[in-house]
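S.K.: The structure's right below; bear with me while I get my questions together.
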Amino acid sequence: MNVFSHQIASPKKLIYMHVAQHGMTSKAELMPVSGMTSSSLTRLLDEMLTDKLLLTFQGQSSGGRKPILYDINPNYGYFFGLDISRRTSTLGFFDAKMNAKALMRWRMDEAMSPPELIDYVVRSIKSIMQDHHIERNQVIGIGVGAVGPLERGKGIISKPSDFPSPGWTHVPICSLLEEKTGIPARLENGANAALIGEHWSMRSENLQHMLYVHAGVGLRSAMMSDGHIVHGSVDMEGAVGQMVIQMDGPRLHDRGNYGAWEAFASVQALVKRARADAKSGRTDIPGAAHISPERITYDMLLHGLHAGSAYAQEIFTQSAVHFGIGLANLINVLHPETIILGGTLINSNELFYQTAVDTAQRNTYYYPDYVPSFTKGILREDAVAIGSALLIWKDLAM
């Protein structure tokens, strides 16, 4: 049961995924999905009931015999989803219906090195399993969504930048987790995992072409076409932040492209600007009156924004405009039907989100004839953890 499969879906898996996506389903509704005869489908459903993949329920009668409805068994197996990000990380525990049985989140500070994170996650996994009376053989796997770049096939976090703790280079995250838990692990970049999670949460809308952009410490993006994640030849999710939006513009920390998107629209960009303004003598920067400019933090600026600081509103609004310009560039290239925006900046306040969306729409070619929808998503800060667990769930071998 703990073997991941990438083969063409079997009839059993087609039935399972259809029921999982649509909820309680009758045999009559499954007939066109299966492409099988009635007797063959009956045998397959009986087999899936015996294997405890499915459960049966009685439906409402419309005058005759009450129909038998099939639903997936939430206790068939369990899944962990781990989100490793720069500001916060999340561990989720889910049943086979992707119901969250446990969710925990923690701050990624200077002490949260790779060994510390591994130890913390392993202890948490063991504690969660004990609390829910779950045995090791009931857990299918651990999905990991992490900041890139990655060596995804090898389960390695390669060279991510800007973690508060040192040591986040060439971390074999999957093998470390497997060695300490005995549970198979699989790695995906966090933006892709978030999009997988949000796509699943919106499955009733049958969306096929989606763009996800995360604005936080850096900028990350993912794209889905025909319902499938678009993987490039390398997992460089943060590279979208290097899109040039102003030829003679600045760059972050003396690296990357001049005029790059992330130099205008990221947590780091806001902090860098506030520190520069403080050094130039500006006195209305929230929290900066009695500290050195280098000690100004994003949390100070965010607090000022919520408190009504004119300075904070100014720099967040300008950042949102730049974010919207870069977003329009992506939309003009990729033509998604739905754009999901997530991350610390998007959720800083409604002003940032709406300014970014308005700017993107004004700079989208063919607007207003082509008007993609914008949303903050349904899962939001839990999207990466849930999407990571879904990676394992979708690869159930049947």
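The values are calculated or read from the model by the stated rules, or taken from the named source; none is laboratory data. Remember, predicted model here, so these are calculated numbers, not experimental data. Every residue, glycine as well, gets a Cβ built from its backbone with ideal geometry; the counts of neighbours run over all protein chains shown.
S.K.: Is it the case that L14 is surrounded by 11 or more Cβ atoms within 10 Å (Cβ to Cβ) and at pLDDT 95 or above?
M.R.: no
S.K.: Of all residues being assigned to a helix (DSSP H, G or I) and of a type in the set (S, T, Y) in the range 111-140, which is surrounded by the fewest Cβ atoms within 10 Å (Cβ to Cβ)? Just the residue, please.
M.R.: S127
S.K.: Restricting attention to the range 314-331, does a residue exist that is part of a loop (DSSP other than H, G, I, E, B) and buried (at least 18 other Cβ atoms within 10 Å of the Cβ)?
M.R.: The answer is no; no qualifying residue exists.
S.K.: A further question follows. Taking the conditions exactly as written (outside any helix (DSSP H, G or I), surrounded by fewer than 16 Cβ atoms within 10 Å (Cβ to Cβ) and at negative phi), does M104 satisfy them or not?
M.R.: yes
S.K.: Any idea which residue in the range 159-204 is surrounded by the most Cβ atoms within 10 Å (Cβ to Cβ), counting only those that are closer than 20 Å to T338 by Cβ and of a type in the set (A, V, I, L, M, F, W, C)?
M.R.: Per the stated criteria, the residue is A194.
S.K.: Given (1) in contact with a Lys or Arg (Cβ under 8 Å, 6 or more places away or on another chain); (2) at pLDDT 95 or above, identify the lone condition not met by L270.
M.R.: Only one criterion is unmet by L270, namely (1).
S.K.: Right, something else. Need the failing condition index for N347 against (1) at pLDDT below 95; (2) under 24 Å from G227 (Cα atoms), just the number.
M.R.: Failing condition for N347: (2).
S.K.: Report yes if G287 is under 33 Å from the mean Cα position of the chain (by Cα) and either more than 22 Å from H322 (Cα to Cα) or among the acidic types (D, E) (or both), otherwise no.
M.R.: yes
S.K.: Would you be able to say whether some residue in the range 146-154 is at pLDDT 95 or above and touching a Phe, Trp or Tyr at 6+ places or on another chain (Cβ under 8 Å)?
M.R.: No, the range 146-154 has no match at all.
S.K.: Output the residues belonging to the range 67-97 that are under 15 Å from the mean Cα position of the chain (by Cα), surrounded by fewer than 19 Cβ atoms within 10 Å (Cβ to Cβ) and in a loop (DSSP other than H, G, I, E, B).
M.R.: Correct list: R87 only.
S.K.: Something else: Based on what the data block shows, is L334 in contact with a strand residue (DSSP E or B) (Cβ under 8 Å, 6 or more places away or on another chain), in contact (Cβ under 8 Å) with a residue 24 or more places away in the chain and not assigned by TED's automatic domain parsing to the domain that holds N99?
M.R.: yes
S.K.: Pull up the range 224-243, narrow it to residues that are among the hydrophobic types (A, V, I, L, M, F, W, C) and touching a helix residue (DSSP H, G or I) at 6+ places or on another chain (Cβ under 6 Å), then point me to the one that is surrounded by the fewest Cβ atoms within 10 Å (Cβ to Cβ).
M.R.: Filtering first and then ranking leaves M243.
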